Amino acid sequence: MKFYESLNFSALKHSYIYKFLFIAFIGTHIPLVASIAYILYSPVDQINKYLMLLLILGFTVVALIVTVILGKKLLKPVKLASMAMDQFKETLQIMPLPIHYQDEIGQLLLNIDLTLNQVKQLSEEKQNYASLITHDLRSPITSIVGIAELIKESDELDEIYEFTDMISNSGNQSLTLINETMQLIKSTHFNIEVGEKKSTNAKKFIAGEIASLAGSNLLKKINFSIAIDPELSIWVQPRLFSHVVQNLLNNAIKYSHENGLVKISAIEKEEYCEISIKDQGIGFDPEKEDILFDKFTSAKRKGTQNEPTTGLGLYLTKLLIEKHQGQIKAHSEGKDKGAIFTIHIPKEKTIG
């Protein structure tokens with residue numbers, strides 16, 4: 001790369017072809033310069049035509065070798081681009097490329113770098129959303145299993161009908177999630193467009209999400225308190241924001257004790273709406289607030305009834321909130337002092 005960099009001066013820096021012509025010029029003129037030097041510095045009566053012919057042939061070979069060597073050096077950026085492509089195919093890792101050059105090769109390196117980063121981002125996004133759907137499928141399936149166990153123990157026909165309705169709802173929820181997974185796999189990107197967001201009544205939306213978790217809440221019987229202005233609206237992509245709320249509510253159930261209380265509140269501020277979900281559960285170490293949203297976080301724990309966890313839920317929740325151009329924070333006073341998750345979602349007028 002050093003030789004290529006040394007040619008990035010004056011008119012040559014804007015054209016890769018000019019760089020090749022410069023090398024060709026050097027190669028073709030080495031024999032000529034050698035011949036002229038021989039003629040100029042040799043007495044006229046001592047010039048030997050055979051020696052001059054050998055000199056021209058010799059310097060032609062030298063010129064050929066020099067041209068080949070310099071040509072290979074000039075091809076270093078192309079080889080670097082090829083190596084970057086090969087490395088990405090094998091490891092999905094992106095090799096740093098020099099993208100500041102102004103000729104055709106510089107443009108090629110820039111395009112390769114942008115393309116590889118876009119492909120990697122798309123791959124990571126698809127993996128994240130597939131993980132999201134897989135993670136969310138656990139809730140309805142767990143509900144179905146739990147309700148089935150309760151049916152076995154029940155002798156009341158009305159109660160059994162109620163349980164079967166819950167199973168039907170959980171099954172439909174699972175089918176919806178599977179269909180969404182297929183749509184996500186077919187998608188080319190996961191950016192939330194402005195047209196996909198809707199002004200959604202916050203209280204009705206959250207109440208609906210709580211109702212959908214009735215099966216998951218059968219054993220613990222967690223109580224929910226909603227303190228939200230009936231007129232308050234949030235600007236969200238409903239399908240994706242449903243994942244956010246359901247995951248936070250599921251966590252509140254998972255980490256709360258039987259008959260616990262979960263408080264959901266929302267207020268409108270100047271540029272955003274603030275939604276808080278507060279439980280009275282086992283809480284967490286305040287020092288782990290920063291790593292709580294990491295992928296496969298080391299802060300993951302089992303629920304109060306040994307419910308399993310993947311360490312993905314809060315990571316995916318944060319990802320979806322950021323897609324809404326929002327933020328999420330978590331806070332706890334410590335062990336057995338509950339936890340509060342606060343979401344900031346920009347209002348419609350603040351989104352470009």
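Remark: pairs (first residue in the range 48-65, open to solvent by 70 Å² or more (accessible area, probe 1.4 Å); second residue of a type in the set (A, V, I, L, M) and modelled with pLDDT under 80; Cβ separation under 6 Å; 6+ apart in sequence or on different chains) = F59/I30; F59/A34.
Does L21 fit the bill of being out of contact with any His (no Cβ under 7 Å at 6 or more places or on another chain), over 30 Å from D103 (Cβ atoms) and either without any contact (Cβ under 8 Å) to a residue 40 or more places away in the chain or of a type in the set (D, E, K, R) (or both)? No, not satisfied.
Within the range 292-311, residues that are on the phi > 0 side of the Ramachandran plot and modelled with pLDDT under 80 sit with their Cβ atoms under 8 Å from residues that are charged (D, E, K, R) and open to solvent by 80 Å² or more (accessible area, probe 1.4 Å), at 6+ positions apart or across chains, in these pairs: G311/K300. I264 falls short on exactly one of the conditions (1) within 21 Å of N217 (Cα to Cα); (2) at pLDDT below 85; (3) among the hydrophobic types (A, V, I, L, M, F, W, C), and that condition is (2). In the range 98-111, the residues that are at negative phi reach residues that are modelled with pLDDT under 80 and open to solvent by 30 Å² or more (accessible area, probe 1.4 Å) with C-beta atoms within less than 6 angstrom, at least six apart or across chains, in these pairs: Q102/K13; Q102/H14; D103/H14; L109/I99; L110/I99.
For the range 333-349, filtering for residues that are closer than 17 Å to I277 by Cα, out of contact with any Lys or Arg (no Cβ under 9 Å at 6 or more places or on another chain) and assigned to a loop (DSSP other than H, G, I, E, B) leaves 4. If I filter the range 163-184 for residues that are within 15 Å of the chain's Cα centre (by Cα) and at pLDDT below 70, do I get at least one hit? Among the residues of the range 163-184, at least one is within 15 Å of the chain's Cα centre (by Cα) and at pLDDT below 70, which makes the answer yes.
So in the range 76-98, with the set limited to residues that are open to solvent by 70 Å² or more (accessible area, probe 1.4 Å) and part of a loop (DSSP other than H, G, I, E, B), which one is nearest to F20 (Cα to Cα)? Taking the candidates together, the pick is P96. Remark: pairs (first residue in the range 82-94, at positive phi; second residue in a helix (DSSP H, G or I) and loosely packed, with under 12 Cβ neighbours inside 10 Å; Cβ separation under 8 Å; 6+ apart in sequence or on different chains) = L92/S123.
The values are calculated or read from the model by the stated rules, or taken from the named source; none is laboratory data. These numbers come from a predicted model, not from an experiment. All Cβ positions, glycine included, derive from the backbone under ideal geometry; neighbour counts span all protein chains shown. Just so you know, the surface numbers come from the protein's heavy atoms only, side chains and all, with ligands and any DNA or RNA stripped out. Shrake-Rupley method; radii C 1.70, N 1.55, O 1.52, S 1.80 Å.
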